[in-house]
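The structure appears right after this line, and notes come after that.
Bear in mind these aren't lab numbers, they're just calculated from the coordinates by the rules spelled out. No experiment lies behind these values; they were computed from the predicted model shown. Backbone-built Cβ (ideal geometry, glycine too); neighbour counts: all protein chains shown.
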Amino acid sequence: MSTKNVGKNISSWGLISLGAGGTIGSSWIYTNSQFFREYGAGGEIFGMLAAAVLAILAALSFAELATIFVRSGGEVVYGYVAFGKPGALFAAWTLLGGYISSLGFYVTASGLLLARIWPQIAQGPGYTFAGMRISFLQLLIGVMITLGVYFLTYRGAKIASQVQILLLLGLVILGLILMIVGFTKGSFHNFWPAFNAHQQPVPAIIRFVIPAMTFLTGWESVAALAEEAQMPAKKIGLIVIFSIVIAASYYIGVLLSSAWIWPWTKTAHLSMGTIDAFNHAGFPILGDLAFIIAFLGLMTGFLNLFSASSRLLFSLTRGNILPQWFAKVHPQYQTPYRATSLILFLVLAIGWMGKGALIYFLDIGGFLIALAWAFNTLCLMKIRQQYPDLKAGFRNRYLLLPFLGGLGALIVALVSLLPVTKYSLAWPSEYVLLVLWALLGLAVYLGSLKRPLDVQELLGSDILSKLKKNSQQ
C-alpha cells in the first residue's frame, strides 16, 4: 500500500455526523440573548433560515464536485483542476485559515464553558493576554481536550466518526427534549410579535444573515473527507446538502422553542439566552440540558474541524505543495498522522492566547470561509467549461443556483473586508492579521516552486484518467 493512501473507514451515518455535527456549534445557544436584543427573535430565527438557504446554494458547488473528484482534501483538488497550483493553495489556505482560527479558539473556550458550572476553574494562578485572564487550570483542561481530539483523529476516521455519531445523537435527543417541552408548555404569544416595535422586520432579518453564516460552517468537511467514505459518490453530494438542512433545522427548532417557553423580550435582557429562558420559565433541568448542548456542540465542532484541517493539509503535502514528508500515512490506522500532528502544533501555538486575542482570528476566519465558498463556485464554473462531459453523481441542472450561492458568499466576504459597515474587520488589528496570513500563504507558494508538483499523488490515477478521457472527447 502507498504511504500516501488513506483508508475507507467512514460510514454514511459517520459522514452525516461529521458534516451536520460539525456545523452545529456552541455559542449560538447562549448568545441569543444578545441577538434577540439586537435583531428581535424574528430577526435571528428568520435570518437563520435565510442564511441556511444561502449556505445550501453555496454548497451545491461542493456537492457536485465532491461526487466527481472523490479525493482527500477535496477543495484542494477542485482548486488545482480549475486553476492549477495557485488555485489549490488558495482553496486550502482560505479554509485552513477559518478552521485553525476556530480550533485555536476551542482550546480555551472549553475551559471557559466549564467554568460557568465550576467557577473555581477560572480562579487560581494564570495570566492575562489581550485583556482576557486565563487560569492555568483552564488552559490545562483545554489542552487535554485538544489532545483527546488529536488522539481520536490520529487513530482514524472510523473511530472519530463513531464518536461523532454519539455526540450528534446526544445533541439531537437533548434538542428534541427542549423543543417538545418548549412548544407544549410555552405559548405562541411569547414569540409573537417577533420584532421590537421600532424594528423593520426585513432589514433585521437581512442584517442577521451575516452572523448567521458563521454558525453554518463546518459542512465543507464532507468534501475534504470524501475519499475515506464507504459509499457511492452520489450519496456524498446529498450528505453535503443534508448536513446543512439538519444543522439549520436544529438551530431554528431550539431557538424557536426558547422564544416559545419564555417571552423573548425578557430573554433579550438576560445573559445566557436559551439556558436562562428555560431556567426562568421554571425548567432548571432543561436549562442544564441547554448548557450540555453548548458543550456537545463545541466538541462536535472541534472533532470535525480537526479532521477536515488535517485532510486539507494532507492534500497539499500529497502534491508536494508542502513537503511530502508530512504526507506519510500511518501503516496501522491509515491516517495522515504527520499532517494531523502539524495541525495539533498550529492549534496549540495560537490556542494559549485565549478568547481576547482569538476573537480577532475568528472574525478573519469568517471572512476566509465566505471567500472559500465563493471560490469553490468559481471552480465549478471553470471545470464545467473545461470538462463539460465529466460525469457527476450529483449534478446541478442549472448553474444559476450555485452561482447565486457563490455570489452571496462573495458579498458577505466583501461586507466584512470593506471598512464601512458594522460587520467590517476591526481596524487595524484584524487587517494586519489577514495580511500576515496572506503573506504566509504567498511564502508557502513561492517555496513550493522549488519542489516538483506531484500531480499523480495530488489527484490520483482515477481522477487523472477521468480528466484525460474527457479532454480527448
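Remark: A122 falls outside the filter, which requires a residue to be in contact with a strand residue (DSSP E or B) (Cβ under 6 Å, 6 or more places away or on another chain) and under 25 Å from Q332 (Cβ atoms).
A single member of G21, G7, G25 is assigned to a helix (DSSP H, G or I) and out of contact with any Cys (no Cβ under 8 Å at 6 or more places or on another chain), and it is G21.
Restricting attention to the stretch 63-80, which residues are outside any loop (DSSP other than H, G, I, E, B) and under 23 Å from N5 (Cβ atoms)?
Once the filter is applied, which keeps residues that are outside any loop (DSSP other than H, G, I, E, B) and under 23 Å from N5 (Cβ atoms), the stretch 63-80 yields L65, A66, T67, I68, G74, E75, V76, V77, Y78, G79, Y80.
Tallying residues that are surrounded by 20 or more Cβ atoms within 10 Å (Cβ to Cβ) and not β-branched (V, I, T) within the stretch 327-337 yields 3. You will find that of P388, P419, the residue that is over 24 Å from the mean Cα position of the chain (by Cα), loosely packed, with under 11 Cβ neighbours inside 10 Å and not hydroxyl-bearing (S, T, Y) is P388 and no other.
Among the conditions (1) small (G, A, S); (2) farther than 27 Å from A268 by Cβ; (3) part of a helix (DSSP H, G or I), G40 misses just one, which is (2).
Select from the stretch 391-406 the residues that are surrounded by fewer than 20 Cβ atoms within 10 Å (Cβ to Cβ) and in a loop (DSSP other than H, G, I, E, B) and list them in ascending order.
Those that are surrounded by fewer than 20 Cβ atoms within 10 Å (Cβ to Cβ) and in a loop (DSSP other than H, G, I, E, B): K391, A392, G393, R395, N396, R397, Y398, L399.
For the stretch 152-233, list the helices (runs of 4 or more DSSP H) that sit wholly inside it and hold at least 3 residues that are surrounded by fewer than 21 Cβ atoms within 10 Å (Cβ to Cβ) and either in contact (Cβ under 8 Å) with a residue 24 or more places away in the chain or more than 22 Å from the chain's Cα centre (by Cα) (or both); which are they?
Output list reads 157-185, 188-191, 201-215.
Whenever a residue of the stretch 406-424 is more than 12 Å from F367 (Cβ to Cβ), its partners that are β-branched (V, I, T), lying with C-beta atoms within less than 8 angstrom and at least six residues away or across chains, give the pairs G406/T377; L407/T377; T421/V415.
Scanning the stretch 15-65 for residues being farther than 26 Å from Q162 by Cα, surrounded by fewer than 24 Cβ atoms within 10 Å (Cβ to Cβ) and of a type in the set (S, T, Y) gives a total of 3. Check off (1) more than 30 Å from A50 (Cα to Cα); (2) more than 22 Å from the chain's Cα centre (by Cα) for G441 and give me the number that stays unchecked. Among (1) more than 30 Å from A50 (Cα to Cα); (2) more than 22 Å from the chain's Cα centre (by Cα), G441 violates only (2). Restricting attention to the stretch 338-348, the residues being surrounded by fewer than 19 Cβ atoms within 10 Å (Cβ to Cβ), farther than 17 Å from S72 by Cβ and in contact (Cβ under 8 Å) with a residue 24 or more places away in the chain number 2. Can you confirm whether L57 is closer than 30 Å to A259 by Cα and touching a Leu at 6+ places or on another chain (Cβ under 7 Å)? For L57, the condition - closer than 30 Å to A259 by Cα and touching a Leu at 6+ places or on another chain (Cβ under 7 Å) - is met.
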